[in-house]
Amino acid sequence: MLNLFVIDAKDDGNVPVVVRKATQRDFEATSDWQTDWRSPEAMAMPNKVALCREDTDELLGLMSYVVDGRNLAVEIVYVESAEHSNANLLPKGTAKKYIGIARALFAYAIDVSRTAGFDGIIVFKAKTTELMEYYMEEFGARHAGSYDPFRLILWEDRAAEILSEFEEGGNTNG
């Protein structure tokens, strides 16, 4: 069983979170995000889920994914953190409210991949060079091919390491 959490940047404590199907209310809350999830393009994305605080239902992030049986992987179509924790939206020098939003959403996608029989393999595309380097360094992602350096894959071994942080009895920070 997954025990998803993010880190509260103020006190460095774990905040339990849940993933649920995204709702219209979640999409309405994205008007000041990098992506307005009410746009026709975002609304057309499949399998949209929301990462929320377990206690208050505060929206922390959104993700869209596809269970890709042809490639035996879960493909993350798009993932985004809320404006209060998105380094691209915060003024320079401003701290994020929560740390680990993408990691928790990736753990969820890894779990979906395992459930589908794909051993936790996920593929995704980094939006920027900085994100590509972050995913490679912090998540252990690798290039998925030579044609698009932003297309990344998380193989079984690194997926298992990330998932283990959130499994029953795994890492507890605070």
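The sum of -39500 (n - 2.57) across all DSSP H runs of n ≥ 4, divided by the residue count of the chain, sets its helix-only mean residue ellipticity at 222 nm to -6000 deg cm²/dmol. You can think of it this way: the chain between ALA95 and GLU168 has 23.3 nm of extra reach, that is 0.36 nm per residue less the Cα-Cα gap.
Tell me whether the range 100-174 comes out rounded, prolate or oblate; compute the Cα gyration tensor, take square roots of the eigenvalues as a ≥ b ≥ c, and use a/c under 1.5 as the rounded threshold. Verdict is oblate for the range 100-174. Taking every C-alpha pair closer than 8 Å and separated by at least 6 residues, the mean separation divided by the residue count of the range 17-119 gives a relative contact order of 23 percent. Entry note, the chain: relative contact order of 21 percent, from Cα contacts under 8 Å with a spacing of 6+ residues. A simple spin-label model places pseudo-atoms 7 Å from Cα toward Cβ; at SER146 and ASP68 they are separated by 2.0 nm.
Charge dipole of the chain (Cα centre as origin; +1 on each Lys and Arg Cβ, -1 on each Asp and Glu Cβ, all else neutral): 420 debye, rounded to the nearest 20.
Of the peptides 1-9, 75-83, 160-168, the ranking by mean beta-carbon count within 10 Å, highest at the top, reads 75-83, 1-9, 160-168. With all protein chains kept in place, the per residue accessible area of the range 4-64 amounts to 49 square angstrom at a probe of 1.4 angstrom.
Here the chain has 51 percent of its accessible surface on carbon and sulfur atoms, given a 1.4 Å probe and all protein chains in place. Beta-bridge orientation, the range 53-128: approximately 75 percent antiparallel, per DSSP, counting only bridges with both partners inside. Near LYS48: Cβ cut-off under 15 Å, other residues only, Lys/Arg at +1 and Asp/Glu at -1. The net charge is -2.
For the pair GLU83 and ALA44, the difference between a 0.36 nm per residue extended length and the Cα-Cα distance amounts to 11.9 nm. Given a Förster radius of 30 Å and the C-beta distance between ARG20 and LYS127 as r, what FRET efficiency does 1/(1 + (r/R0)^6) yield to the nearest 0.05? My answer for the efficiency is 0.80.
The values are calculated or read from the model by the stated rules, or taken from the named source; none is laboratory data. All of these numbers come straight from a predicted model, not from anything done at the bench. Cβ atoms come from the backbone with ideal geometry, glycine included; neighbour counts cover every protein chain shown. The accessibility values were calculated without ligands, DNA or RNA, using every heavy atom of the protein model including side chains. Shrake-Rupley method; radii C 1.70, N 1.55, O 1.52, S 1.80 Å.
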